[in-house]
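What follows is a short report on a single structure.
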Amino acid sequence: MVMRIGRTLPPAAAPLRFRDIAAGVSVIFEGEAAVRRLEDELKSFYRVRYCFAVSSGKAALALILQALHQIHPEKDEVLIPAYTCYSVPAAIIKAGFKVRLCDMAPGTLDFDFNSIVEKLENPRLLCVIPTHLFGMPADVERLNRLVSPRDIFVLEDAAQAMGGGWNGKKIGTLGDVGLFSMGRGKAFSTVEGGIILTDNDMVGRELEKQLATIGREGAMDTLRLFLNAVALSILIHPRIYWLPKSLPFLRLGETHFNPSFPIRRLSPFQAGIAKNWEARINKLKAARSVNANNIASYGMMPAGAFGGTMPDLTRYPVLAADKDTKKAILRKSERMGLGISDGYPDSIDGIHELQGLLGGNTFPVAKDIAERIVTLPVHPYVGEVDVKNIMHVFQERSYVEA
C-alpha cells in the first residue's frame, strides 16, 4: 500500500492541549490529594459512593473482577459479548478468570438476548459484562432484569463511553459496577487511565481492599506519561498524523491481545491533566454529535442504533455489505486520509491465545460483524468537508448493507 503524505484524519481522538499537560505538571507534588479531588468530583457528578482512579481501563476491569470474586469465591467465569475490544478478555485472563462468550443480536453490537438466558444458568458465572462499544449504548436495563433473580453481577464496560447517557441515566452507573477508560482515542483522555464507579457497598468495600494493595506510578513512569502526552498532543493533529501512521514500529491501528499490563493507581500528573474534565467532555461530545448527526443526515445510521436519539459515539460504526466491500472502503480511505478504520480484527473466539479455552463454540453473528464492520471518525478534527468526502466513498456504490 502506498504511504500517504499529507492531511490524514486519525480514526479517533480526544485532543490534549498544552494547557492540559501544564495542569498535570502543576499538581505532581500534590500527590494523593490531586487524585482524591478527581475521584470526589466524579463521585459527585455520577452520584455514587465509590470512585477509584487507576492506571488503565484494563486495570480497572481486572481489579473489579478480583473484588467481585472476594464476594463470591466459588465463581470464576465471566460472560462477555463475542465481539468486543480485545482488552476485555485480556483483563479477565490477567485477573485469573475464565472467559465465556455470548453471540450478538443481528444488526446490533449487543448481546443476543434470545440466547443469553441459558448462559445465565451457569452456577460458576461471576458476572456479565455488557459493553458500550464505540459509545453505542448496550441494553443494560434489560440485562439487569434478566440477572435480578440470579446471584450474578452486571459489570458495565463503559470504557469508550465516558460522559455518555441514555434514557435519562448516566452510562457507567447502570450496572452493579462500571468502568471508564481514559486512554488515547477514548471519549476523554489522560493519555492512559481508568475509572471505577459503584454505589454498591459490598463491591465498594472490596474494591477499597484491592486498591490498598497496589502502588502508584513512579517518577520514571510519570516522565514517560509526560513525554507521551506531549507527543500525543502534537502528532494526533491531522496535518501531522500521517507521520506516526507511516512508521510501522509504532503499530498504530493494530489490535493485540495482551494480558501483561501493569495495575497501578492513577498518577497525580494524570489527575491534573483531567482538570475541568466535565466542561471538556461536554465540548468533545458536542463536536462528535455534530459530526455523527451530519453523517446520519446522509441516511446512514450507525450499526446497533436503537431509539430516536443519536448516542455520543467515539467512532461511528457501519456494517459494509460484505468483507470485499469493506476492504475497498478501507483502501480508498487510506489513499484519501479519511480516517475510516477497521473494528477489531476478529471475534473473541478467533483470538489465537484463547484457542482451547472457549469450548469450541462458534459465534456466527460476531464473526460476521468482525468481517464487515468499519468505523467513521467523528472527533473534533473532523470537519464538514471531511464528512462529505467520507460519504462520497460510500455513495460511489452500494457499500453498506440495506
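Some values worked out for this structure:
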quantity	calculated
Check on GLU39, surrounded by fewer than 24 Cβ atoms within 10 Å (Cβ to Cβ), in contact with a Cys (Cβ under 7 Å, 6 or more places away or on another chain) and farther than 23 Å from VAL374 by Cβ	yes
Criterion violated by CYS127 - all others in (1) touching a helix residue (DSSP H, G or I) at 6+ places or on another chain (Cβ under 6 Å); (2) not in a strand (DSSP E or B) satisfied	(2)
Candidates ALA271, ALA229 - the one that is farther than 18 Å from PHE52 by Cα, touching a residue at least 12 places away in the same chain (Cβ under 8 Å), of a type in the set (Gly, Ala, Ser) and buried (at least 17 other Cβ atoms within 10 Å of the Cβ)	ALA229
Residues within region 84-126 that are in contact (Cβ under 8 Å) with a residue 40 or more places away in the chain, polar (S, T, N, Q) and over 20 Å from ASP342 (Cβ atoms), tallied	1
Every residue from region 277-329 that is among the β-branched types (Val, Ile, Thr), in a helix (DSSP H, G or I) and touching a residue at least 24 places away in the same chain (Cβ under 8 Å)	ILE281, ILE295, THR325, ILE329
Hey, LYS75 over 20 Å from the mean Cα position of the chain (by Cα), in contact (Cβ under 8 Å) with a residue 12 or more places away in the chain, on the phi < 0 side of the Ramachandran plot and surrounded by fewer than 19 Cβ atoms within 10 Å (Cβ to Cβ) or not	no
Qualifying residue in region 94-104 (condition: surrounded by 21 or more Cβ atoms within 10 Å (Cβ to Cβ), on the phi < 0 side of the Ramachandran plot and of a type in the set (Gly, Ala, Ser))	yes
Matching residues in region 11-34 - criterion: being β-branched (Val, Ile, Thr) and touching a Pro at 6+ places or on another chain (Cβ under 6 Å)	VAL27, ILE28
Options PRO302, PRO364, PRO377, PRO311: the member that is within 26 Å of ASP110 (Cβ to Cβ), surrounded by fewer than 21 Cβ atoms within 10 Å (Cβ to Cβ) and under 24 Å from the mean Cα position of the chain (by Cα)	PRO364
In region 104-130, the residues that are farther than 17 Å from PHE153 by Cα and under 19 Å from the mean Cα position of the chain (by Cα)	MET104, THR108, LEU109, ASP110
Members of region 105-137 found to be surrounded by 14 or more Cβ atoms within 10 Å (Cβ to Cβ) and among the acidic types (Asp, Glu), listed by number	ASP110, ASP112
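For (1) in contact with a Gly (Cβ under 9 Å, 6 or more places away or on another chain); (2) closer than 26 Å to PRO377 by Cβ; (3) aliphatic (A, V, I, L, M); (4) at pLDDT below 95, each residue gets a yes or a no:
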position: SER148; (1), (2), (3), (4): no, no, no, yes
position: PHE153; (1), (2), (3), (4): yes, no, no, no
position: GLY178; (1), (2), (3), (4): yes, yes, no, no
position: GLY185; (1), (2), (3), (4): no, yes, no, yes
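The values are calculated or read from the model by the stated rules, or taken from the named source; none is laboratory data. Source: prediction; values computed, not measured. All Cβ positions, even for glycine, are placed from backbone atoms using ideal geometry, and neighbour counts span all protein chains on display.
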